[in-house]
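Engineer: Okay, here's the structure, questions in a sec.
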Amino acid sequence: MERLKFALPKGRLLKPTRSVLESAGLGFDGYAEGSRHYCLVSSCFPHVTGKIFQEKDVPIQVAIGNYDLGVCGRQWVEEFLVRYPLGGLVRVRDFEYGRGSIFAAADARSSPGETSAIRHDNGVVRIVSEYPNLAESFALALRLRRFKVFPVWGAAEAYLPENSDVAVIWRESEDELAAQGLRPLRTLAGGGACLIANASSWARKDMGKLLEGLCRVPSPRDEAKTPGGTVSPEPVALRSENDKDLWMALPDGHQQSHVASFLARAGIATEEYGIKLGNNRPHIGVPGVKVKVVRPQDMPQQVANRNFDVAITGRDWLTDHLYRFPSSPVQEALDLGFGKVRIVAAISGETPVQTVAEVREWMRGEQRPYLRVASEYVNIADNFAREHHLSPYKIVPTWGATEAFIPEDADIVIENTETGRTLAEHNLRIIDTLATSSGCLIVNRNIMSSPDLKDKVLFLVQSLAKGLSA
Amino acid sequence: MSKGQQSSGKCRGTRDMLPADMARFRHIEDIFRERCTKWGYEEVRTPTLEYMHLFTSTGTLTPAMLGKVYSFLDWDGWSGERVVLRPDCTIPVARVCVETAQAKPSPLKLFYVTNVFAFEETGLESREKWQCGAELVGASGPVADAELVKLASETLRLLGLQRVDLKLSHIGVLRALVETLSVDEEQKHQMLDRILEGNIKPLLEAASESAATEKFASLLMELKSESKGFLENVRAMCGPHMGAVQSQLDDFIKFIELLEALYCTYQVDMSSARGFEYYTGPTFQFASGGTLLGSGGRYDALIPLMGGEKVTASGFALYVEPLSNCLKNGAGTIPPWKGVSITTEPNPASVKAAFEVASTLREAGFIADIQFSDETSEKWNWRLSVGTSKFTLIDQQGKANTATSVPEVLKLLESKWNG
């Protein structure tokens, strides 16, 4: 039988998707939360293999033909199709789980919150989103006269209202928006998880037996949730040109604990940071410094455009930003030393290659049309491939779990590693170390022309430096 | 090509212009440039890269058009400010007019030969298109419109295109009609977008709420006429709430009267209004055998929207690729070569002699091509074999003449070319 490949989602959709697959007789051994095996085989259909991806990667992997079928949230399909309407995807079935909508939302504190008011605003409308294609489509449909879309990795709601006017975000319901103090301006797309197929596979391959089961089994449903209350936060003053407060971004996610410990060592008190269910506006014990919690990946660009003045992020993300924007005003102010990792190039352990130079020979020998380089660090990866004359190559952007892309969907990964253990577990061999990275304080150098802000930055640097010797 | 080699083929949706294409391109460009210059227009060239907000800030490209724009963050685009590959040339030229308004006399008569970029889904058509366009800014409305129609028509006639249809519409009439309908602002925008995309169905559906408006809309949109009498008749049907429509029809009729006085044949086809939301008055299209060759119209609101003075403005663009395809056989082809193919031995003295004779021949108006192999193309009229002290000239029939000096070679060639 013809081999079929299935792209399976990680995260929130994993459990109900596993249930659907099992009910359809297509269970994959090892498809479970916390699984470290990304490549799976169906227990009943040996010709069907599966791989676990971040949900966002699924429509791309299916569209480009690496996978015949996939399951992901409808919002990622819409995000893909709005940019690539001929994207080669067929939506086969909608499920009843993972339901929600993409909203264009404003902070409930900002007034007015109507789309018509935004449309007639002669200023620049700042839109922040994990869904930049839908955000741009929204802005064009609304005929916004001048707008900027800031793509972010997450925490889009944290930017409202000081650093953004509109967030295009996915939420389960308007109640959930209201519970976060947000007001919907427009619903851009809605739905739950869906089964998608590559258009060419759909037209050419016989997937009838699989689809028969997948389309007939009843879909699990989301559990009913008790509506949360509406948050009515204190009014906030929007940031002005003459703002004398120093705006600082602290990282969310797994970096929080490192940063919170470091701040504690430096004697800087924080409230509601570094704890589960913390606040995205924690307090910090440095006078004149205001803090928000956002994704570390987004910080360099946010500091460059002065949404923030300083941020604690990883040097890896700063480097990636500077490769993309060489004249960016962002620079490292202090190496904080924690979270040390190496940025490495790794290749399959089965590939007879020990060095980058040997990759070129191997490509020629294998008669590969091009090299596939997968990475979250797309600009570092691009620079790496260019500097090592690996042309022709293609960069495969990923949103995590990059090691899973080798060998089927990439030839090389550019990934960070602390000990190299995870790479070794996935049978990957490190062939080059590109750089080392650790947590660092980054600053927009242009703020040093403001005496007030300069003093605050210098004081902050001095305070943080105490954490290095503690 | 072996399995391992990647094709270095061109990007999908792009097209190479080979020597024969370029000859036709230059022919079109030369005639257009010569006409424009004779009509008092001056050439401008705007940058290929523009800020995206130039095109969104005026609200004058439809969302569908903006959705096909090539936009990206520049190397210094960390602020989120996107740049685009120019999707249209009228807006950049209008920007030039606004920025140079103090330094330039009014009216401004400008023309350009430039490329514009828009994504095209099938990849079968080129996503880069060349246009020959003219803009007239600050002249009174209908006369300026008529001048542009005449300039475009004259260019097309000189290109040898005899059977060109001129279709006329008037966006002002359509806007005024949409304003009379009981729909909200958003729906009005969408209705105009659909009209500009060539779909009049939403307009006719919305007009169906009132029998009189429906009748008016269907007669206006669905009938085509070769006479302004049609517009006079439609004007008479305007109800009391359609004063703005009447006023716009008057403007349209004035424009047509001017065209009639200038012996232009035309067809009024209200559904022919296509393209850009910045049009506010008459629009015109040139087509041949169903192929659209160019279009234009009046855009009085664009320059004020960009912060400039309130001035009338009109323009048109002729589309080079369809024009090139419509050129008659022989038009724009490469002229006969007055060319000499020079061959020589690869020793310094012979090469020196070859370069010297080539230089002299070029100064005298010949094309001299030094060959690097023994093969000579048939496109050359003569082959000249250069030795250190002897020149052998061979014509296409193989007849040989010899000469001992460069002036002698030149004399031989001139006598052959002239005789």
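The values are calculated or read from the model by the stated rules, or taken from the named source; none is laboratory data. Fair warning: this is a prediction, and the values are worked out from it, not measured in the lab. Note that each Cβ is placed from the backbone with ideal geometry, even for glycine, and that neighbours are counted across all protein chains shown.
Engineer: Taking segment B:157-214 as the search range and keeping residues that are of a type in the set (A, V, I, L, M, F, W, C), under 24 Å from B:LYS228 (Cα atoms) and part of a loop (DSSP other than H, G, I, E, B), which one is nearest to the other protein chains (Cβ to nearest Cβ)?
Structural biologist: For segment B:157-214, the residue satisfying everything is B:ILE200.
Engineer: A further question on this structure: Residue by residue through segment B:52-85, note down the ones that are of a type outside the set (S, T, N, Q), more than 8 Å from chain A (Cβ to nearest Cβ) and over 23 Å from A:ASN379 (Cα atoms).
Structural biologist: If the condition is that a residue be of a type outside the set (S, T, N, Q), more than 8 Å from chain A (Cβ to nearest Cβ) and over 23 Å from A:ASN379 (Cα atoms), then B:MET52, B:LEU54, B:PHE55, B:LEU61, B:ALA64, B:MET65, B:LYS68, B:VAL69 are the ones that fit.
Engineer: While we're on this one: Just one of the numbered conditions (1) away from chain B (no Cβ under 14 Å); (2) crowded, with 21+ Cβ neighbours inside 10 Å; (3) part of a helix (DSSP H, G or I); (4) not aliphatic (A, V, I, L, M) is not true of A:THR313; which one?
Structural biologist: All conditions pass for A:THR313, except number (3).
Engineer: Within the set of pairs 6+ apart or on separate chains, which have a first residue in segment B:349-370 that is of a type in the set (Ser, Thr, Tyr), a second that is assigned to a helix (DSSP H, G or I) and surrounded by 15 or more Cβ atoms within 10 Å (Cβ to Cβ), and C-beta atoms under 6 Å apart?
Structural biologist: Between residues of segment B:349-370 that are of a type in the set (Ser, Thr, Tyr) and residues that are assigned to a helix (DSSP H, G or I) and surrounded by 15 or more Cβ atoms within 10 Å (Cβ to Cβ), the close pairs are B:THR360/B:VAL406.
Engineer: Test of understanding: among B:VAL93, B:VAL113, which residue is buried (at least 20 other Cβ atoms within 10 Å of the Cβ), away from every other protein chain (no Cβ under 14 Å), in contact with a strand residue (DSSP E or B) (Cβ under 6 Å, 6 or more places away or on another chain) and assigned to a strand (DSSP E or B)?
Structural biologist: Result of the check over B:VAL93, B:VAL113: B:VAL113.
Engineer: Another question, then. Tell me, yes or no, whether segment B:312-320 has at least one residue that is in the same structural domain as B:SER57 (by TED's automatic domain parsing), closer than 27 Å to B:GLU99 by Cβ and modelled with pLDDT under 90.
Structural biologist: The answer is yes, given that some residue of segment B:312-320 is in the same structural domain as B:SER57 (by TED's automatic domain parsing), closer than 27 Å to B:GLU99 by Cβ and modelled with pLDDT under 90.
Engineer: Now for a different question. Of everything in segment A:154-172, what is buried (at least 18 other Cβ atoms within 10 Å of the Cβ) and part of a loop (DSSP other than H, G, I, E, B)? Give them in sequence order.
Structural biologist: Hits for segment A:154-172 are A:ALA155, A:LEU160, A:PRO161, A:GLU162, A:ASN163, A:SER164, A:ASP165.
Engineer: Which numbered condition trips up A:GLU332, out of (1) touching a helix residue (DSSP H, G or I) at 6+ places or on another chain (Cβ under 9 Å); (2) within 18 Å of B:TRP78 (Cβ to Cβ); (3) surrounded by 17 or more Cβ atoms within 10 Å (Cβ to Cβ)?
Structural biologist: (3)
Engineer: If you take just the strands (runs of 3 or more DSSP E) that sit entirely in segment B:261-325, which of them hold at least 1 residues that are among the β-branched types (Val, Ile, Thr)?
Structural biologist: B:267-269, B:282-288, B:291-298
Engineer: Whether any residue in segment A:13-27 is assigned to a helix (DSSP H, G or I), touching a residue at least 12 places away in the same chain (Cβ under 8 Å), basic (Lys, Arg) and outside the structural domain of A:GLU172 (by TED's automatic domain parsing) is what I want to check.
Structural biologist: yes
Engineer: While we're looking at this one, here's another question. Return the pairs, sorted by first residue and then second, in which the second residue is in a strand (DSSP E or B) and of a type outside the set (D, E, K, R), the first residue lies in segment B:153-178 and is free of Cβ contacts under 8 Å to residues at least 24 places away in the same chain and over 28 Å from B:ALA217 (Cα atoms), the beta carbons are less than 9 Å apart, and the residues are 6+ apart or on different chains.
Structural biologist: Close Cβ pairs (under 9 Å, with a partner that is in a strand (DSSP E or B) and of a type outside the set (D, E, K, R)) amount to B:GLN162/B:SER288.
Engineer: Please give the helices (runs of 4 or more DSSP H) falling wholly within segment B:11-89 in which 1 or more residues are touching a Ser or Thr at 6+ places or on another chain (Cβ under 6 Å) and buried (at least 17 other Cβ atoms within 10 Å of the Cβ).
Structural biologist: Of the helices (runs of 4 or more DSSP H) lying wholly inside segment B:11-89, those with at least 1 residues that are touching a Ser or Thr at 6+ places or on another chain (Cβ under 6 Å) and buried (at least 17 other Cβ atoms within 10 Å of the Cβ) span B:19-38.
Engineer: Separate question: Identify, please: which residue in segment A:336-369 is part of a loop (DSSP other than H, G, I, E, B) and either within 14 Å of another protein chain (Cβ to nearest Cβ) or hydroxyl-bearing (Ser, Thr, Tyr) (or both) and is, among those, nearest to A:LEU464 (Cα to Cα)? Explain how you work it out, then say what you get.
Structural biologist: Restricting attention to segment A:336-369, the residues satisfying the condition of being part of a loop (DSSP other than H, G, I, E, B) are A:336-340, A:349-355, A:367-369.
Applying the additional criterion that residues be either within 14 Å of another protein chain (Cβ to nearest Cβ) or hydroxyl-bearing (Ser, Thr, Tyr) (or both) yields A:351, A:355, A:367-369.
Working: A:THR351: 45, A:THR355: 39, A:GLN367: 52, A:ARG368: 49, A:PRO369: 50 Å.
Per the stated criteria, the residue is A:THR355.
Engineer: Just to be sure I understand, how many residues within segment A:69-86 are buried (at least 23 other Cβ atoms within 10 Å of the Cβ) and outside any helix (DSSP H, G or I)?
Structural biologist: 5
Engineer: So is A:LEU318 touching a Lys or Arg at 6+ places or on another chain (Cβ under 8 Å) and within 13 Å of another protein chain (Cβ to nearest Cβ) or not?
Structural biologist: Against the criterion (touching a Lys or Arg at 6+ places or on another chain (Cβ under 8 Å) and within 13 Å of another protein chain (Cβ to nearest Cβ)), A:LEU318 does not qualify.
Engineer: Among the numbered conditions (1) assigned to a helix (DSSP H, G or I); (2) surrounded by fewer than 21 Cβ atoms within 10 Å (Cβ to Cβ); (3) within 23 Å of the chain's Cα centre (by Cα), tell me where A:LYS394 comes up short.
Structural biologist: (1)
Engineer: Here is a follow-up. A:LEU134 versus (1) modelled with pLDDT under 95; (2) on the phi < 0 side of the Ramachandran plot; (3) buried (at least 17 other Cβ atoms within 10 Å of the Cβ): which is the lone unmet condition?
Structural biologist: (1)
Let's see how each residue does on (1) at pLDDT 90 or above; (2) surrounded by fewer than 18 Cβ atoms within 10 Å (Cβ to Cβ); (3) in contact with a helix residue (DSSP H, G or I) (Cβ under 8 Å, 6 or more places away or on another chain):
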position	(1), (2), (3)
B:ALA349	no, yes, no
B:PHE355	yes, yes, no
B:GLU363	yes, yes, no
B:ALA368	yes, no, yes
B:GLN371	no, yes, no
B:THR376	no, yes, no
B:LEU384	yes, no, yes
B:PHE391	yes, no, yes
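Engineer: What is the residue count in segment B:191-222 for residues that are of a type in the set (Ser, Thr, Tyr) and closer than 11 Å to B:LEU177 by Cα?
Structural biologist: 1
Engineer: Hey, can you tell me all the residues within segment B:124-151 that are outside any strand (DSSP E or B) and in contact with a Cys (Cβ under 9 Å, 6 or more places away or on another chain)?
Structural biologist: Filtering segment B:124-151 for residues outside any strand (DSSP E or B) gives B:124-127, B:138-151.
Answer for segment B:124-151, where residues must be outside any strand (DSSP E or B) and in contact with a Cys (Cβ under 9 Å, 6 or more places away or on another chain): B:ARG127, B:GLY138, B:ALA146, B:VAL149, B:LYS150, B:LEU151.
Engineer: Scan segment A:184-201 for residues that are out of contact with any Ser or Thr (no Cβ under 8 Å at 6 or more places or on another chain) and under 21 Å from A:VAL166 (Cβ atoms) and report the count.
Structural biologist: The qualifying residues number 1.
Engineer: Continuing with the same structure: What is the residue count in segment A:370-385 for residues that are within 23 Å of A:PRO296 (Cα to Cα), more than 20 Å from the chain's Cα centre (by Cα) and within 14 Å of chain B (Cβ to nearest Cβ)?
Structural biologist: 1
Engineer: Now for a different question. Given the structure, is B:GLN187 polar (S, T, N, Q) and in contact with a helix residue (DSSP H, G or I) (Cβ under 7 Å, 6 or more places away or on another chain)?
Structural biologist: So B:GLN187 fails the test.
Engineer: I need the full set of residues from segment B:165-217 which are hydroxyl-bearing (Ser, Thr, Tyr), at pLDDT below 85 and farther than 29 Å from A:ALA139 by Cα, in order please.
Structural biologist: Across segment B:165-217, the qualifying residues are B:SER208, B:SER210, B:THR213.
Engineer: Also, I was wondering about something else. Just give me the residues in segment B:210-258 being among the acidic types (Asp, Glu) and farther than 23 Å from B:ASN199 by Cα, in sequence order. So that I can check it myself, show each step before the final result.
Structural biologist: The first filter runs over segment B:210-258 and keeps only residues among the acidic types (Asp, Glu), leaving B:214, B:222, B:226, B:232, B:250-251, B:257.
Passing the criteria: B:GLU232, B:ASP250, B:ASP251, B:GLU257.
Engineer: Could you grab me the full set of residues in segment A:160-182 that are under 10 Å from A:ALA106 (Cα atoms) and out of contact with any Asp or Glu (no Cβ under 7 Å at 6 or more places or on another chain)?
Structural biologist: Answer for segment A:160-182, where residues must be under 10 Å from A:ALA106 (Cα atoms) and out of contact with any Asp or Glu (no Cβ under 7 Å at 6 or more places or on another chain): A:SER164, A:ASP165, A:VAL166, A:VAL168, A:LEU177.
Engineer: Further question: Cβ-Cβ below 7 Å, separation at least six or inter-chain, first residue in segment B:187-199 and within 11 Å of B:ARG274 (Cβ to Cβ), second exposed (fewer than 15 other Cβ atoms within 10 Å of the Cβ) and small (Gly, Ala, Ser): which pairs?
Structural biologist: B:GLU197/B:ALA64
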